[in-house]
Amino acid sequence: MLKTGPNYFSALVMIASCAVSAQESAEEQNTTHSSEDNREAMAELPEGRFEILTDKFFQVSQPHVSEKISFRGLSDWERRVSGTHGFDYAFVNAPIAQIGSEGGKTYADNEMDLYLQWRINTGSNSEGKLFFWGTYVQTFSSLANGEFSRSQGLITSTISAGTDPDKSFVAPSALWWQQSFNNSGFLYRTGQLYATSLWGNNKYTFDDREGFMNSVLSSNIGLPWSDTPRGLGVMVQQTIGSAYVSLGIQDAKAKQDQIDVDSFLDGKYLYTGELGYNTNIGSDHEGRYKISLGYVDGTAGTAEAQTESNASGWGLALSARQDLGDIGLFAQYRRSLSDRIAQGIKTSANAGVVFNKPLGFSDDALGIGLLYASSSDEAERDEYGGEIYWRFQMTPRLDITPDIQIYRPGQPDQSGITVVGAFRFRYVL
């Protein structure tokens, strides 16, 4: 959980010092303007998860129930606070319930996420922001999600935010300072980084509490660092026209339930790089194409045997997303290129389509995705599957989602087809 001891305060001091120096640097910048597209691209939030902090998230025009119970007064207050003080927040509560065809076994949990954004330093040339994201997940069923997924013969997971091996998990998933310099197209982030949300991410496959649920369709499983995405570090990004390059370094063995300063000083790091090309940013034909490469140091202790989960190794990720009006197409590929394997998955891939206004319901989303995963265990076979969900926007702050997942399971003793049905409830304040 989030510590209040020296480690936590050391991290805050580090981020605050970067914020102060960034503000002093920004005051020295000239006032020349770059193109509107470049400025918008540089000032934006990371694609996917943090977009919930934008005002457009609550611009619902046709809820299924009523807009009268949407707390419009609260929305107006949030906009005033954002405009006057540069402060944005979102609190998300999203329980999921699932039932599998193998033995009728069930799984249920609840995830709560708190997102904060404070725009401290803004100007025509530069914009500085402080981000925080805290996560709490509580399992209610007798089986944690890993156990539930295995009971269905799967090598992947039916969600991506399980609490295995415990029944609850609390973490400061992100606490970073972001500074962008619009006239030069340069951006950096430093602090507690969350690799899954910053490298190889995709608008349609980033969160099991909003879109698809299966881990191949909602996380970066298949990359050798996907089981330890949190850690102190720094990343930089340079945008030139529609293309960009990003480089980063962060702690590779941080404890995942705290801001771990001691681990950062051990010298075991994750090194990442990404090349990307963005088209038609901000339009209904927006496209994003990325190739990401990373290397993670071996994290075994001096008296600890080397295994696939602590060896050093390379990972590769490809991600493509293209919007065509109300239709979004996506595809991703991830592979561990050496001995380091996370969560037992060596390769994963997905592809699919999201209809953003199915049957004319302007605020709903219908997703259809296909998935593939191969295990590092030669005794297990490749797993294939598909998932369909329909997210119904009941009010501007409440949506409900029925979901069905169909698999050819990867466990060798499972013959036939496995089906998992799910229901998700999400409320955003």
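The values are calculated or read from the model by the stated rules, or taken from the named source; none is laboratory data. This one's a predicted model, so the numbers in the text were calculated from it and none came from an experiment. Using ideal geometry, Cβ is built from the backbone for each residue, glycine included, and neighbour counts are taken over all protein chains shown.
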Completion exercise
Among 257, 166, the single one that is without any contact (Cβ under 8 Å) to a residue 60 or more places away in the chain, in a loop (DSSP other than H, G, I, E, B) and farther than 30 Å from residue 326 by Cβ is 166
Problem - Yes/no for residue 302 being out of contact with any helix residue (DSSP H, G or I) (no Cβ under 6 Å at 6 or more places or on another chain) and in contact (Cβ under 8 Å) with a residue 24 or more places away in the chain - result: no
Handout entry: Candidate set from segment 299-338 (those that are buried (at least 17 other Cβ atoms within 10 Å of the Cβ), part of a strand (DSSP E or B) and polar (S, T, N, Q)); member that is farthest from the chain's Cα centre (by Cα)
Key = 336
Practice task
Find the residue count for segment 211-240, including only residues that are over 23 Å from residue 329 (Cβ atoms) and not polar (S, T, N, Q).
Solution key: 12
Completion exercise
When segment 342-354 is checked residue by residue, the ones that are in a strand (DSSP E or B) and surrounded by fewer than 23 Cβ atoms within 10 Å (Cβ to Cβ) are 346, 347, 349, 351, 352, 353
Handout entry: Segments classed as strands (runs of 3 or more DSSP E), wholly inside segment 61-153, with at least 2 members that are among the small types (Gly, Ala, Ser)
Key = 87-100, 126-139
Handout entry: residue 191 under 26 Å from residue 407 (Cβ atoms), within 21 Å of the chain's Cα centre (by Cα) and either surrounded by 17 or more Cβ atoms within 10 Å (Cβ to Cβ) or at pLDDT 95 or above (or both)
Key = no
Exercise for the section: Go through segment 76-104 and give me each residue that's closer than 30 Å to residue 406 by Cα and in contact with an Asp or Glu (Cβ under 9 Å, 6 or more places away or on another chain). Expected result: 92, 93, 94, 95, 96, 97, 98
Exercise for the section: Return the pairs, sorted by first residue and then second, in which the second residue is of a type in the set (Lys, Arg) and surrounded by 19 or more Cβ atoms within 10 Å (Cβ to Cβ), the first residue lies in segment 266-292 and is more than 14 Å from residue 244 (Cα to Cα) and touching a residue at least 12 places away in the same chain (Cβ under 8 Å), the beta carbons are less than 7 Å apart, and the residues are 6+ apart or on different chains. Expected result: 266/253; 268/253
Problem - Residues within segment 400-429 that are touching a residue at least 60 places away in the same chain (Cβ under 8 Å) and in a strand (DSSP E or B), tallied - result: 14
Practice task
Can you run down the residue pairs with Cβ atoms below 7 Å, 6 or more apart or on separate chains, where the first is in segment 356-384 and under 30 Å from residue 62 (Cα atoms) and the partner is at pLDDT 95 or above and basic (Lys, Arg)?
Solution key: 364/391; 365/391
Practice task
Just name the residue that is modelled with the lowest pLDDT out of those in segment 259-269 that are surrounded by fewer than 21 Cβ atoms within 10 Å (Cβ to Cβ) and either among the small types (Gly, Ala, Ser) or under 22 Å from the mean Cα position of the chain (by Cα) (or both).
Solution key: 267
Exercise for the section: Report yes if residue 282 is among the small types (Gly, Ala, Ser) and either within 29 Å of residue 387 (Cα to Cα) or touching a Pro at 6+ places or on another chain (Cβ under 8 Å) (or both), otherwise no. Expected result: yes
Practice task
Output the residue which, of all residues in segment 50-74 that are of a type in the set (S, T, N, Q) and surrounded by 15 or more Cβ atoms within 10 Å (Cβ to Cβ), is modelled with the lowest pLDDT.
Solution key: 70
Problem - Pair list, Cβ < 8 Å and 6+ apart or interchain, from segment 102-120 residues that are more than 24 Å from residue 79 (Cβ to Cβ) and touching a residue at least 24 places away in the same chain (Cβ under 8 Å) to residues that are of a type in the set (D, E, K, R) and surrounded by 17 or more Cβ atoms within 10 Å (Cβ to Cβ) - result: 111/209
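Determine, yes or no, whether residue 130 is farther than 15 Å from residue 425 by Cα, in contact (Cβ under 8 Å) with a residue 60 or more places away in the chain, among the aliphatic types (A, V, I, L, M) and buried (at least 18 other Cβ atoms within 10 Å of the Cβ).
On the way: farther than 15 Å from residue 425 by Cα: yes; in contact (Cβ under 8 Å) with a residue 60 or more places away in the chain: yes; among the aliphatic types (A, V, I, L, M): yes; buried (at least 18 other Cβ atoms within 10 Å of the Cβ): yes.
So residue 130 passes the test.
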Exercise for the section: Within segment 86-109, identify whether any single residue is closer than 13 Å to residue 161 by Cβ, of a type in the set (Val, Ile, Thr) and surrounded by 16 or more Cβ atoms within 10 Å (Cβ to Cβ), and answer yes or no. Expected result: yes
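Condition check ((1) assigned to a loop (DSSP other than H, G, I, E, B); (2) surrounded by 17 or more Cβ atoms within 10 Å (Cβ to Cβ); (3) of a type outside the set (Val, Ile, Thr)) across all residues:
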residue: 340; (1), (2), (3): yes, yes, yes
residue: 371; (1), (2), (3): no, yes, yes
residue: 374; (1), (2), (3): no, yes, yes
residue: 377; (1), (2), (3): yes, no, yes
